[in-house]
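A.B. asks: A single structure is presented below for examination.
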Amino acid sequence: MGRIFATIQIDGKQCRTLFDSGAKNTYVSAGTAEGLARTHLPVARPASPRGRLHYAAEICCLVGTLEGKPIEMDA
């Protein structure tokens with residue numbers, strides 16, 4: 001199956017999104033999470049988006065719309 005790209009709207013901001021049905025986790029850029037409520041994790045979690053090791057120190061909940069329908073995800 002090919003990649004599925006779509007534009008979602010979060011707090012009035014247009015965000016280009018790649019949906020991966022096989023992904024275990026969801027990651028967003030700092031720019032996308034800007035202005036959203038974030039929770040600091042007591043211990044940073046290792047993450048490997050694009051095959052490079054990073055450490056996620058915060059999580060947030062994204063609430064927006066996709067093609068006019070509500071969408072929610074933890075990131």
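A.B. asks: What does the net charge come to around C61 if you take all other residues with beta carbon closer than 13 Å to its beta carbon, with K and R at +1 and D and E at -1?
C.D. replies: Local charge sum for C61: -3.
A.B. asks: Further, regarding this structure: With the dipole of region 4-74 worked out from charges on the C-beta (+1 for Lys and Arg, -1 for Asp and Glu) around the Cα centre, which of V63, G22, G12 lies farthest toward the positive end?
C.D. replies: G22
A.B. asks: Give the Cα extents of region 4-74 along the principal axes, in whole Å, largest first.
C.D. replies: Ordered largest first, region 4-74 gives principal extents of 36, 26, 17 Å.
A.B. asks: So what is the relative contact order for region 4-74, in percent, with contacts set as C-alpha pairs under 8 Å and at least six apart?
C.D. replies: Numbers: 92 pairs, mean separation 20.9, N = 71.
Once normalised by length, the contact order is 29 percent.
A.B. asks: Now for a separate question. With a point put 7 Å past each Cα toward its Cβ, work out how far E34 is from H54 in nm, to one decimal.
C.D. replies: 1.5 nm
A.B. asks: Here's something else I'd like to know. Contour minus end-to-end for K69 and L18, with contour as 0.36 nm per residue of separation and end-to-end as the Cα-Cα distance? Present the calculation step by step, with values, prior to reporting the outcome.
C.D. replies: Values: separation 51, 0.36 × 51 = 18.36 nm, distance 1.70 nm.
16.7 nm is the gain from fully extending K69 to L18.
A.B. asks: Here's a follow-up. Using modelled backbone amide H atoms (1.01 Å from N, in-plane), which distant-in-sequence or interchain residues come within less than 5 Å of I71's amide H?
C.D. replies: Placed amide hydrogens put G64, T65, L66 under 5 Å from I71.
A.B. asks: Hey, what do the phi angles of region 49-62 turn into as Karplus ³J(HN,Hα) couplings, whole Hz, using 6.51/-1.76/1.60 and θ = phi - 60°, x for Gly and Pro?
C.D. replies: Working through the residues one at a time gives x, 6, x, 10, 6, 10, 10, 8, 9, 9, 10, 8, 10, 9 Hz.
A.B. asks: How large is the charge dipole for region 4-74, taken about the Cα centre, if only the Cβ atoms of Lys, Arg (+1) and Asp, Glu (-1) carry charge, to the nearest 20 debye?
C.D. replies: 260 debye
A.B. asks: By counting other Cβ atoms within 10 Å of each Cβ, how are E34, E58, E72 ranked from fewest to most? Could the numbers behind the result be given before it?
C.D. replies: Working: E34 11, E58 14, E72 8.
Neighbour counts put them in this order, fewest first: E72, E34, E58.
Every number here is computed from the coordinates shown, using simple stated rules; none is lab data. Please read all numbers here as calculations on a predicted model, not as lab measurements. Cβ atoms come from the backbone with ideal geometry, glycine included; neighbour counts cover every protein chain shown.
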